[in-house]
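One structure is given below, encoded as structure tokens.
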Amino acid sequence: MPTIPIVDLKKQYLSIQKEIDAAVLTCLHEAQYIGGKLVHAVEQQLAQYIGVQHCVSCANGTDALQIALMALDLPKGSKIIVPAFTYIAPVEVVKLLDYELVFCDVDVRTFNVSIEHIKTVYSDDVKAIIVVHLFGQVCDINEIAAFCKDKNIFLIEDNAQALGAEKFIQRNSIITTSFYPSKNLGAYGDGGALFCNDELLAKKIRKIANHGQTQKYVHEIVGINSRLDVIQAAILQVKLAHLDVYNAKRKKVADTYYQAFKSIQYIDLPIEKNAHIFHQYTIIVKNNLRDALKKHLAEKNIQTAIHYPIPAYKQQAFLNKKLCLPNTEFLCSSVLSIPIFPELTDEQITYICACITSFFSTYE
Ligand SMILES: *Cc1c(COP(=O)(O)O)cnc(C)c1O
């Protein structure tokens, strides 16, 4: 079997090559490379797609988080709750803007922060919470949004891995996403966006992403330069029309994996508590067998990944030696993501299932 990658972007491109090539060529001929009608149209389509009033595009998902935090303009020294088990971007922007990190443990079965974990780390100095809808599953967002409202604090949702899981969002939060190529909706380069339902906030976000200006050469506040380029916008426009089908295919792969692995006692499979679009299919490998399984699959030409190997608070840049969050630490030592993408063939899926099943049969 030729190597099965963790994601196959070439195969996806070939399946929509005509549409993509035409869209990109049009951009080249129009020679409008930054801003303009197409970027605006894609923003509107994205807002409509996830059912939020306003969308502002930007250069990447990390910028989106930074712009969101800048827009909130929190008092100096504010504490912000972030998950300890996450891709690093939300942690990074809090530190970058000189706010105080409050790491929160996650639920061991959904990989997401829950209201119980949030309550254990909440204090009066907390002014915002950043949640991450990890691996494609929405966290318990209604409870968390209600908590934020009750405490009068801000909510940022990092939706880089779950774009399309929810289709009608009326919450009073800032939602960010990334169009990094391997995301469910990926560009062919960098891209990102912010969403919200508040018009004034959307205007402020747009201003911050554009050097703090609303008029050329008039700078009202300190901003940054963060733009989605036109070629990426054109690619996203093509791919957005396929996103629901892509997400449905991921779900089908997840269902097949569930049936194949549900009786293996050494692994815990992802549960679907809330809407889930399986950005990753991440399993928990018990009995310290994770690294052995990873090695076994590598020998069988199956790529896997560890999302994420180190708790955020154990990273040198964000070190907090006093912290020990048990679920986060357990997950970092036990999780393994196996290939899941819309273009996986039945033959590849069957082969992956067989290789994982045979690995564990030696332990029975
Ligand atoms: C990918 C990702 C980001 C960052 O996106 P970039 O576009 O690479 O900056 C942020 N948060 C999460 C959860 C991600 O998965």
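No value in this document is a laboratory result; all are computed from the given coordinates. Quick caveat: nothing in here was measured; it's all calculated off a predicted structure. Cβ: placed from backbone, ideal geometry, glycine included. Neighbour counts: every protein chain shown.
Numerical summary
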item	result
Chymotrypsin sites (Phe, Trp or Tyr not before Pro) restricted to segment 1-84 and DSSP loop, no more than 12 other C-beta within 10 Å	Y33
Candidates per chymotrypsin sites (Phe, Trp or Tyr not before Pro) in segment 332-364, loop by DSSP, up to 15 other Cβ within 10 Å	Y363
Contact order relative to length of segment 70-167, as percent, for alpha carbon pairs under 8 angstrom and 6 or more apart	27 percent
Partners for K127 among lysines (Cα-Cα distance below 16 Å; same-chain residues under 8 apart left out)	K76, K79, K95, K119, K149, K151
Relative packing of peptides 119-127, 238-246 - highest average C-beta neighbours within 10 Å first	238-246, 119-127
Net charge over other residues, Cβ less than 13 angstrom from the Cβ of N142 (K, R count +1; D, E count -1)	-2
Neighbourhood net charge (15 Å Cβ-Cβ; Lys/Arg +1, Asp/Glu -1) for R109	-3
Relative packing of peptides 226-234, 213-221, 145-153, 81-89 - highest average C-beta neighbours within 10 Å first	81-89, 226-234, 145-153, 213-221
Prolate/oblate/rounded label for the chain (Cα gyration tensor, a/c 1.5)	oblate
Taking the chain and dividing mean pair separation by its residue count, relative contact order in percent (alpha carbons under 8 Å, at least six apart)	22 percent
Pair-distance profile P(r), taking every C-alpha pair of segment 210-350, with 5 angstrom steps and integer %	2, 8, 12, 14, 14, 12, 11, 11, 7, 4, 3, 1, 0
Gyration tensor (alpha-carbon) shape descriptor, segment 313-364, a/c threshold 1.5	oblate
Candidate aspartates and glutamates for bridging to K167, where Cα separation is under 14 Å - those fewer than 8 sequence places away on the same chain excluded	D244
Theoretical ellipticity at 222 nm over the chain - DSSP helices of four or more residues, -39500 (n - 2.57) apiece, nearest 500	-12500 deg cm²/dmol
For A23, net neighbour charge (Lys/Arg +1, Asp/Glu -1) across residues whose Cβ lies under 15 Å away	-1
